[in-house]
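Written below as structure tokens is the structure these notes are about.
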Amino acid sequence: MFQDFESLKARHRGIRDNLPDALDLRVHRALSWLQRAEQCDDGDGRFIFLWIAFNAAYAQEMRLEEPMPEQKVLREFLEKLVALDGDKRLSGVVWTAFPDAIQMLLNNQYVFQPYWDCQNGRRPRGEWQGLFERAKVAASRALGSDDTARVLGLVFSRLYTLRNQMMHGGSTWNSSVNREQVRDGADILGQLVPVIIDILMAHPEAEWGEPGYPVVASGV
């Protein structure tokens, strides 16, 4: 069953006194950005707010110089989510709700970071093509083996490139050039983020770590 801000917020109100402080803060922040995303009437804004909601739930510093799927901490986070997802809702998003959109995203060179590295002279100009073909083979293997955590890692690597394009001024608002990936990215995140928040609330016993930016009392 799809969950939105209102249903998740109602659940949070009922259990927040029993959540560890760090997890309560993580969930509170993520829900605030999910609510803002649901109020958004354009794809670019919706994608950005959903990404912030994910980042709040993930609550780790994401270094721009490190490709997300290579980060051990993100991989472990996704693996933990999938392992704790008893109802297999994350798998449902990957294999049932958005299999075609995910496949198209993984086959889209414009959200493949090495493509842009080649365009910007950080790699030999044609090198991205071989890397892209190998990435597609890896994605096909993950899809063929029903490896939800691996597929999610690949998806977030592509979404991270799209996020960088938007947040660093590398795209135009409401541009016709990237509508497909923005639309699909927002739709995928719109399904994943509520599930991630719900899994966090359902498993306060798990080790989710401390927020990267804790609340600091005034004057401290």
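The values are calculated or read from the model by the stated rules, or taken from the named source; none is laboratory data. Computed from a prediction, not measured in an experiment: that's the story for all the values here. Virtual Cβ from ideal backbone geometry, glycine too; neighbours counted across all protein chains shown. Remember, those area values only see protein heavy atoms, side chains included, never the ligands or the DNA or RNA. Shrake-Rupley method; radii C 1.70, N 1.55, O 1.52, S 1.80 Å.
Out of 124, 181, 97, whose Cα points farthest toward the positive end of the dipole of the chain (charges: +1 Lys, Arg; -1 Asp, Glu; placed on Cβ)?
Working it through, the farthest residue towards the positive pole turns out to be 124.
Counting only other residues whose beta carbon sits under 11 Å from that of residue 104, what net charge do I get with K and R as +1, D and E as -1? List each step's numbers first, then the result.
Values: positive: 158, 183; negative: 100, 180, 184.
Local net charge: -1.
In the chain, with Lys and Arg counted as +1 and Asp and Glu as -1 at Cβ, which of these residues, 27, 140, 7, has the Cα nearest the positive end of the dipole, that is, farthest along it?
140
For the full complex of protein chains and a 1.4 angstrom probe, list 188, 52 by accessible area with the highest value first.
Working: 188 0, 52 50 Å².
Putting 188, 52 in descending order of accessible area: 52, 188.
Explain nothing, just the number: dipole magnitude of segment 115-165 about its Cα centre with +1 on each Lys and Arg Cβ and -1 on each Asp and Glu Cβ, in debye rounded to the nearest 20.
With only Lys, Arg, Asp and Glu charged at Cβ, the dipole is about 160 debye.
If I model a spin label as a point 7 Å beyond the Cα along the Cα-Cβ vector, how far apart are those points for residue 109 and residue 177 in nm?
Label at residue 109, label at residue 177, 1.5 nm between them.
So which residue, out of 93, 193, 73, gets the largest mean-square fluctuation from a GNM of the chain using Cα contacts under 10 Å as springs?
Among 93, 193, 73, the largest GNM mean-square fluctuation belongs to 73.
Calculate the FRET efficiency for residue 28 and residue 129 from the Cβ-Cβ distance with a Förster distance of 41 Å, rounded to the nearest 0.05. Intermediate values should be presented prior to the final figure.
Working: r = 45 Å, r/R0 = 1.09.
Computed FRET efficiency for residue 28 and residue 129: 0.40.
What's the center-to-center distance, using Cα atoms, between segment 170-207 and segment 86-116 in Å?
11
If I take R0 = 25 Å and measure r between the Cβ atoms of residue 72 and residue 10 in this structure, what FRET efficiency does the formula 1/(1 + (r/R0)^6) give, to the nearest 0.05?
Numbers: r = 35 Å, r/R0 = 1.40.
E(calc), rounded to 0.05, equals 0.10.
From largest accessible area down, sort 176, 157, 7; use a 1.4 Å probe on the protein chains.
On the way: 176 105, 157 20, 7 50 Å².
Ranking 176, 157, 7 by accessible area, largest first, yields 176, 7, 157.
Please report, in cubic angstrom per residue, the volume enclosed by the convex hull of the alpha-carbon atoms of segment 71-220.
On the way: hull volume 24.3 nm³, N = 150.
Enclosed volume per residue, from the Cα hull, is 162 Å³.
What range in the chain is the longest one free of trypsin sites (Lys or Arg not before Pro) that are in a loop by DSSP and have at most 12 other Cβ atoms within 10 angstrom?
Numbers: sites that count: 63, 122, 125.
The answer is 126-220.
Can you pull a Stokes-Einstein diffusion coefficient for segment 127-167 at 10 °C (1.306 mPa s), Rh from Kirkwood over Cα pairs, as a whole number of µm²/s?
Working: Rh = 11.0 Å.
Diffusion coefficient, whole number: 145 µm²/s.
Accessible area per residue of segment 136-220 at 1.4 Å probe, in Å²?
On the way: 4040 Å² over 85 residues.
That works out to 48 Å² per residue.
Please compute the length gained on full extension between residue 35 and residue 91, using 0.36 nm multiplied by the number of residues separating them and subtracting their Cα-Cα distance. Don't skip to the answer; put the middle values down first.
On the way: separation 56, 0.36 × 56 = 20.16 nm, distance 2.37 nm.
Gain on extension, residue 35 to residue 91, equals 17.8 nm.
Counting Lys and Arg as +1 and Asp and Glu as -1, each charge on the Cβ, what is the dipole of the chain about the Cα centre in debye, to the nearest 20? Could the numbers behind the result be given before it?
Numbers: 25 positive and 30 negative charges, 86 e Å.
Here the chain has a charge dipole of around 420 debye.
Between residue 217 and residue 168, what is the label-to-label distance in nm when each label sits 7 Å out along the Cα-to-Cβ direction?
4.0
Which percent of the accessible heavy-atom area of the chain goes to carbon and sulfur, probe 1.4 angstrom? Walk me through the numbers on the way to the answer.
Details: 5730 of 11460 Å².
Of all accessible area on the chain, carbon and sulfur atoms account for 50 percent.
Using a simple charge model, +1 on the beta-carbon of Lys and Arg, -1 on the beta-carbon of Asp and Glu, nothing else, what dipole does segment 36-162 show about its Cα centre, in debye to the nearest 20? Write down the numbers at each step before the final one.
Details: 16 positive and 18 negative charges, 67 e Å.
Using Cβ point charges on Lys, Arg, Asp and Glu, segment 36-162 gives about 320 debye.
Can you send over the solvent-accessible area of residue 116, 1.4 Å probe, protein chains only, in Å² to the nearest 10?
We get 80 Å² for residue 116.
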